[in-house]
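The values are calculated or read from the model by the stated rules, or taken from the named source; none is laboratory data. None of the values given here were measured: they were computed from a predicted structure. Note: ideal-geometry Cβ built from the backbone for every residue, glycine included; neighbour counts use all protein chains shown.
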Amino acid sequence: MFLKKLLLRNFRNYSSYLVEFSPNINVICGNNGVGKTNLLEAIYLLSTGRSFRTTNLKDLIKEKANYFYIEAEIEIKNLTQIIKIYYDLKTKKITINSKEYQTFSILIGILCNVLITSDDFNIINGKPQTRRNFLNLHLAQENPLYIHHYLRFIKALKQRNYLLKTNKFHLMKGFDHELCKSGSFLINKRFELVDSLKSPLNLFFKEISTIDLNAKIKYFSFIDSNLNLDETIKNYLQELEKTKEKEKDFKTTLVGPHRDDFQILLSKKIAKNFASEGQKKLLLFSLKLAQWEILTKTLNLRPIFLIDDFDAHLDNLHKNNLKNALKTLTQVFITIPKVDEKYDNANIINIENI
């Protein structure tokens, strides 16, 4: 799997820009403000149907223009696919090999990716929602059924919370089963993912950091990790029954995957509270490399790997260790201000003022 060509029109600061990529390492360099991160953002949009910088599509349209257009040529298992994205403030149109769609979510899972930006450090330092988003996006790329259950769960949760807020408690049971059925699917898949991340997370951390500390990851839920789907649904329904009086007071649903979390541990201590900033950076890269490995095994495809502002994250020693780890991947995209060191077999893309 790799991205061969990318055409941008009226996207961020790009009026019209065509670029070809190497199937190996692509180093995107240039001065601040020339559009390095914008290029990475366009690739991420192709992969996920969303930006990693804004939730508003109109922000992606170049100033004084009234639309943006992206066209990409992708090779997957020796087959070429053409993806086109068009948005003009009113119309969203996605074309995949001449077939049109109206929703960006159709893009999830076609060009799978792993992304690292400065905001991703919130996976370790930030709120539980950031960590749940990490799990959700990974599992959405891995399994279309996860998207189905996630959307059903969110819909049931909103309806149930509305009934709690409006004191229509007698109508809640109708949504409980839907909430538990889809919510239990999410919980079980998250447990499976976190369990599969444990070994590669620790291995990559030791490889990059060269220090003998154990890195671990643990998922926290109101449900036991050893239950099958039917048992999880049964326990979920029981928990809702236990908390219903408290929920009436708080006017919101108190148990479910929307409240779950995971923690990364270093030497049996919570990394958020005890790890140094350098160790946290190494843990984040290790987690992302572990994510890439799991996606590769699950999908039998090698996802693309995106790193924004590579030079900002690590010192020279650990940066070299990471560069060695990246050589084992397939297509990698790195943004840096300038190329002042050797990147083996890299395609250097020097972006000047567009």
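In segment 164-174 there is no residue matching the filter, namely being closer than 26 Å to K272 by Cβ and either out of contact with any Asp or Glu (no Cβ under 9 Å at 6 or more places or on another chain) or assigned by TED's automatic domain parsing to the domain that holds W292 (or both). For P144, the conditions (1) of a type outside the set (A, V, I, L, M); (2) at pLDDT 95 or above; (3) within 30 Å of K218 (Cα to Cα) all hold with the exception of (2). Contact annotation: residue pairs with Cβ atoms under 8 Å, 6 or more positions apart or on different chains, pairing a residue in segment 154-166 that is more than 10 Å from T253 (Cα to Cα) with a partner that is hydroxyl-bearing (S, T, Y) and assigned to a helix (DSSP H, G or I), are A156/S182. Just one of the listed residues (I208, I264) is in contact with a Leu (Cβ under 7 Å, 6 or more places away or on another chain), among the β-branched types (V, I, T) and within 22 Å of N320 (Cα to Cα), and it is I208. Within this structure, T328 fails the test of being under 29 Å from I74 (Cβ atoms) and part of a helix (DSSP H, G or I).
Based on this model, can you work out whether G49 counts as under 30 Å from L326 (Cα atoms), of a type outside the set (D, E, K, R) and buried (at least 16 other Cβ atoms within 10 Å of the Cβ)?
It is true that G49 is under 30 Å from L326 (Cα atoms), of a type outside the set (D, E, K, R) and buried (at least 16 other Cβ atoms within 10 Å of the Cβ).
With the condition kept exactly as written, say whether any residue in segment 107-119 is closer than 30 Å to L289 by Cα, out of contact with any strand residue (DSSP E or B) (no Cβ under 6 Å at 6 or more places or on another chain), among the acidic types (D, E) and surrounded by 19 or more Cβ atoms within 10 Å (Cβ to Cβ). Looking for residues that are closer than 30 Å to L289 by Cα, out of contact with any strand residue (DSSP E or B) (no Cβ under 6 Å at 6 or more places or on another chain), among the acidic types (D, E) and surrounded by 19 or more Cβ atoms within 10 Å (Cβ to Cβ), one finds none in segment 107-119, hence no. Summed over segment 212-264, the residues that are under 20 Å from T130 (Cα atoms), among the hydroxyl-bearing types (S, T, Y) and not in a loop (DSSP other than H, G, I, E, B) give a count of 1. Note on segment 328-340: residues that are surrounded by 12 or more Cβ atoms within 10 Å (Cβ to Cβ) and either charged (D, E, K, R) or touching a Ser or Thr at 6+ places or on another chain (Cβ under 7 Å) (or both) amount to 1.
For segment 48-83, how many residues meet the condition of being of a type in the set (A, V, I, L, M, F, W, C) and free of Cβ contacts under 8 Å to residues at least 40 places away in the same chain? Residues that pass the stated criteria total 4.
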